[in-house]
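A.B. asks: The following block contains the structure, expressed as structure tokens.
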Amino acid sequence: MLSILTENMGLLCSRNRRYNAADAEENAQTAEIERRIELETKAERHIQKLLLLGAGESGKSTIFKQIKLLFQTGFDEAELKSYISVIHANIYQTIKILYDGSKELAQNETDSLKYAISSENKDLGEKLSEIGSRLDYPRLTRELAHDIETLWKDPAIQETFARGNELQLPDCANYFMDNLQRLSDTNYVPTKEDVLYARVRTTGVVEIQFSPVGEHKKSGEVYRLFDVGGQRNERRKWIHLFEGVTAVIFCAAISEYDQTLFEDEQKNRMMETKELFDWVLKQPCFEVSFDASFCAFVFVHVHEHVSGQLDLYLKAYFVSLMQKTSFMLFLNKFDIFEKKVLKVPLNVCEWFKDYQPVSTGKQEIEHAYEYIKKKFEELYFQSTTPDRVDRVFKIYRTTALDQKLVKKTFKLVDETLRRRNLFEAGLL
């Protein structure tokens, strides 16, 4: 009996040791998970959320690609090659728009002859228009590139191109037509510039995390930038991103005052931008980026138990949670605007109907730009309730394709947001 009891006690002790070892291992795993969650949560607190908004074709996605090139590792060869089909599709779509547009203008305009395709190019036009109608485009070959170049040089196509604002012609049209031979090379790999010009409509939500880098040091701020589709059917996806936003970057294409929407050809693009900016400004979730009363309650109770440098850091953190969302307005596509405004008067747009030109050349370009800037400033203050007028609002002149300008602009945005954080924390 004693030997059986001793044996059972030995088995029990052995089981307990196994259980204790298993419990210890499980506790260690749980502690490691909790540690990682705590580290990730702590890291998330220092990430500032930027929301990139604007109507379709405003240049948001080009800005997004510039951020990847400027503040991340850019595009590797596989990513660059993934744009080949996109670029070739842009070329086929462009030549189809121009050919179909010339046929329509030839039928409806009084001076129809200048839009009539030459007889030797009609069959070529029909062939390329059919390719442009497909869902699956062929790779651009030397032969097809030659055909497209021939049609592109037809006087009727050039006359139609001059009226591209009426035809939903993409901004990349001229760039790709000027580079057809290079783009059709069998060993073609897109350049960074090609990728910036490539046009793909954004669907859903894409995000990128970055930190603007100076000459010798990092800014210390980490941003997570969200880009969402600008077309009307994509905007329903915006709402769930509106909470906890540090700053809204709103892109307005100032060159599109004489163009209509892709999804509604009766609607002027600038009028759509105006209405969209007004709607975004009035969203209640942009008043503060977190519950202010909760932050104040927590801060007061924590403040009683800490002091010195830790107190300053806590204050900076909780004040950052109570900040009103800042607004950064990018008046984009200035490169196109400065060429267009000397030919097409601003007052063709209903919003700018009271505009009067005062000069010519560069002076007129600046006058027109300042007029648009003032109209957006007025809209901002008209659409902003008195309790929100103290939030940060900055306007920047931008050209999304200009890498140096985009880099300079984001450094200014970074500096503005850092100063805001320090000021509202009482550290500046």
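A.B. asks: Once R0 is set to 56 Å, what does the formula 1/(1 + (r/R0)^6) return for the Cβ-Cβ distance between Q382 and K114, expressed as a FRET efficiency to the nearest 0.05?
C.D. replies: Efficiency, from the Cβ-Cβ distance: 0.80.
A.B. asks: A follow-up question, please. Just order 206-212, 123-129 by mean Cβ neighbour count inside 10 Å, highest at the front, would you?
C.D. replies: Taking the mean over residues of other Cβ atoms within 10 Å, the ranking is 123-129, 206-212.
A.B. asks: Right, next: What net charge do the residues around F330 carry, taking every other residue with its C-beta under 10 Å from that of F330, with Lys and Arg at +1 and Asp and Glu at -1?
C.D. replies: So the surrounding residues net to +4.
A.B. asks: Given points 7 Å out from each Cα along the Cα-Cβ axis, report the K343 to E166 separation in nanometres with one decimal.
C.D. replies: Calculated label separation equals 1.4 nm.
A.B. asks: Moving on. Using 1/(1 + (r/R0)^6) with R0 = 51 angstrom and r between the beta carbons of K353 and S211, what's the FRET efficiency to the nearest 0.05?
C.D. replies: Efficiency computed from Cβ-Cβ geometry: 0.70.
A.B. asks: Another question about this same structure. Between N187 and D76, what's the calculated FRET efficiency when r is the beta-carbon distance and R0 is 22 Å? Round to 0.05.
C.D. replies: Efficiency computed from Cβ-Cβ geometry: 0.80.
A.B. asks: Once you place label points 7 Å from the Cα toward the Cβ at Q231 and E415, how far apart are they in nm?
C.D. replies: Roughly 3.9 nm, to one decimal.
A.B. asks: What is the Cα convex hull volume of segment 103-151 when expressed per residue in Å³?
C.D. replies: Cα-based convex hull of segment 103-151, divided per residue, equals 74 Å³.
A.B. asks: Follow-up. Listed highest first by mean packing, meaning other Cβ atoms within 10 Å per residue, what order do 94-101, 46-53 come in?
C.D. replies: So the peptides 94-101, 46-53, ranked by packing, come out 94-101, 46-53.
A.B. asks: State, in angstrom, two size descriptors of segment 138-187 derived from its alpha carbons: Rg to one decimal place and Dmax to the nearest whole number.
C.D. replies: 11.7, 36
A.B. asks: Can you tell me the accessible area per residue over segment 108-183, all protein chains present, probe 1.4 angstrom, in square angstrom?
C.D. replies: 55
A.B. asks: Of the listed peptides 409-418, 260-269, what is their order by residue-averaged count of other C-beta atoms within 10 Å, with the highest listed first?
C.D. replies: So the order, starting with the most tightly packed, is 409-418, 260-269.
A.B. asks: Determine Rg/Rh for segment 40-112; Rg is computed over alpha-carbon atoms and Rh is the Kirkwood hydrodynamic estimate from the same atoms.
C.D. replies: Rg divided by Rh gives 1.23.
The values are calculated or read from the model by the stated rules, or taken from the named source; none is laboratory data. Quick caveat: nothing in here was measured; it's all calculated off a predicted structure. Virtual Cβ from ideal backbone geometry, glycine too; neighbours counted across all protein chains shown. Areas reflect the complete protein model, heavy atoms only, side chains present, ligands, DNA and RNA absent. Shrake-Rupley method; radii C 1.70, N 1.55, O 1.52, S 1.80 Å.
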